[in-house]
Amino acid sequence: MTKNLLITRPNYDLPTTYLFSWSKLVIKCAYQKGFRIVDLPNGKSNETDFAGRVNKTDPSFIFFNGHGSKSVVTGHNGEVLVSDKKNLDLLRGRVIFSRSCSSAMKLGPKSISSGAKAFIGYKEPFIFILEPEKSSHPLSDKTAALFLEPSNQVAISLLKGHSSLEASKRAKNAFAKNIKKLLTSESKKEDSATLRYLFWDMKHQVCLGDATVI
Amino acid sequence: MRGKKFTTTEVSEAEIKKLVVERLKTLPSGKQISIGGEGSFTKEELIKRVKLGDKLGKKMIAVEIEFLRALKKGEFFNDQESSYHQT
């Protein structure tokens, strides 16, 4: 299959602004790895554009960023892109990474039973801590980096040719590395308070479907 | 000599809330906690929601309890890399 990446990057509130910015690192990696990239930033993360571009470009890998729920992934301004009742056919035959809350709970298994090769996502809300004064430059936010660098590892590992399970493992290892660093170093008390959320994200990230697919 | 009797008692919901509130107080001031579609919150706002006992407050309690259980089991000092791989 052609190496095509489709990435959704809504950008309309603080969390999506952070995901929007941190996903740029994944896009950069995709360029370096020779992927053809279909980027749906801001208002282009809508259902019509999403469905149209999936059908037209046949991406092997779809990376969702944005808000979600157990059975839904949304785009810009909360518009539903895929749900357990809508557009599931668009995921068939593809590897999915959904960086959105809780979508691995119902949408993930449903997508696999509908033919998606693999679905990596979170079974609970994806939680991260951010520094509001860095909101105009999210990539310089070192607190948010503790969370978003590890989750970026899922996508980056897939782009580098690792299997879906290996990509998920590498991301979990990156979370674990940050946890250990905060536990063992002389980190500030306030930094170590982030541990509970790093652990939460690491624990609730799952890889569904074919673990060996690349 | 008879040993002192220890009994286990159920921890009440109010006690759990109090524990979680105290733990949330250790969160850094001036930072926000992004909880997906629920929004972004200061620690003071999260404390208020835990006290209120709404859906978000209950989720925060779940996060804390899960973390404390992991601490109790010493999971952070085990081989985490292989402990949390779930397919």
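The values are calculated or read from the model by the stated rules, or taken from the named source; none is laboratory data. Computed from a predicted model, the values in this text were never measured in an experiment. Don't worry about glycine lacking a Cβ; one is built from the backbone with ideal geometry, like all the others, and counts go over all protein chains shown. Only protein heavy atoms, including side chains, enter the accessible area calculation; ligands, DNA and RNA are left aside. Shrake-Rupley method; radii C 1.70, N 1.55, O 1.52, S 1.80 Å.
Derived scalar couplings between HN and Hα for segment A:157-174 equal 5, 5, 4, 7, x, 7, 5, 4, 5, 5, 5, 5, 4, 5, 5, 5, 5, 5 Hz in order, rounded to whole Hz, by the Karplus curve 6.51 cos²θ - 1.76 cosθ + 1.60 (θ = phi - 60°), x for Gly and Pro.
Remark on segment A:19-137: Rg and Dmax equal 14.0, 43 Å (Cα only).
Can you figure out the FRET efficiency of A:Glu133 with A:Leu25, using R₀ = 25 Å and their beta-carbon distance, to the nearest 0.05? For R0 = 25 Å, the calculated efficiency reads 0.70. Distances between placed amide hydrogens fall under 5 Å for A:Ile129 paired with B:Ser34, all partners being 5 or more residues away or on another chain. Checking the a/c ratio against 1.5 first, then a/b against b/c, what shape does the Cα gyration tensor give for segment A:9-70? Note, shape of segment A:9-70 comes out oblate. Going down the list A:Lys44/A:Lys177; A:Lys110/A:Lys169; A:Lys44/A:Lys85; A:Lys56/A:Lys85; A:Lys24/B:Lys31; A:Lys24/B:Lys59, which pairs span over 25 Å between their C-alpha atoms? A:Lys44/A:Lys177; A:Lys24/B:Lys59, as the Cα separations exceed 25 Å there. Surface calculation, 1.4 Å probe, protein heavy atoms: A:Asp191 sits at approximately 40 Å² accessible. Applied to segment B:62-74, the Karplus parametrisation 6.51 cos²θ - 1.76 cosθ + 1.60 on θ = phi - 60° returns per-residue 3J(HN,Hα) values of 4, 4, 5, 5, 4, 5, 5, 5, 5, 4, 4, 7, x Hz, with x for Gly and Pro.
Which part of segment B:58-75 falls in the paramagnetic zone of B:Glu13, meaning amide N under 14 Å from the point 7 Å along Cα-to-beta-carbon? Those under the cut-off are B:58-59, B:61-62. Derived from the Cα gyration tensor, the three semi-axes of the equivalent ellipsoid of segment A:71-125 are 16, 13, 9 Å, largest first.
Amide H contacts of A:Glu124: A:Ser102, each under 5 Å away and 5 or more positions distant or on a separate chain (H built 1.01 Å from N in the peptide plane; Pro and chain starts excluded).
Phi angles of segment A:191-203 translate, via the Karplus equation with coefficients 6.51, -1.76, 1.60 and θ = phi - 60°, into HN-Hα couplings of 6, 5, 5, 7, 3, 4, 7, 4, 4, 4, 5, 4, 5 Hz per residue; Gly and Pro are given as x. Given the C-alpha centroids of segment A:22-43 and segment A:107-168, what is the distance between them in whole angstrom? Spelled out, the Cα-based centre of one part sits 14 Å from the other. Label separation (A:Lys181 vs A:Lys33): 2.2 nm, computed from points 7 Å beyond Cα along the C-beta direction.
Quick one: Kirkwood hydrodynamic radius for segment A:31-100, alpha-carbon pairs, angstrom, one decimal? Display every interim value, and only then the final one.
Working: mean 1/r = 0.0808 Å⁻¹.
Averaging 1/r across every pair of different Cα atoms and inverting gives 12.4 Å.
Ignoring aspartates and glutamates fewer than eight residues from A:Lys106 along the same chain, the ones with Cα atoms less than 20 angstrom from its Cα are A:Glu47, A:Glu79, A:Asp84, A:Asp89, A:Glu124, A:Asp201, A:Asp210, B:Glu38.
Using alpha carbons only, what's the Rg to Rh ratio of chain A with Rh from Kirkwood?
Details: Rg = 16.1 Å, Rh = 16.9 Å.
My calculation puts Rg/Rh at 0.95.
Short version: what are the Cα gyration tensor semi-axes of segment A:105-179, square root of 5 times each eigenvalue, largest first, in whole Å?
On the way: eigenvalues 135, 46, 24 Å².
Taking √(5λ) for each Cα gyration eigenvalue gives 26, 15, 11 Å.
In segment A:131-214, inverting the average of 1/r over every pair of distinct C-alpha atoms gives 13.7 Å as the Kirkwood radius.
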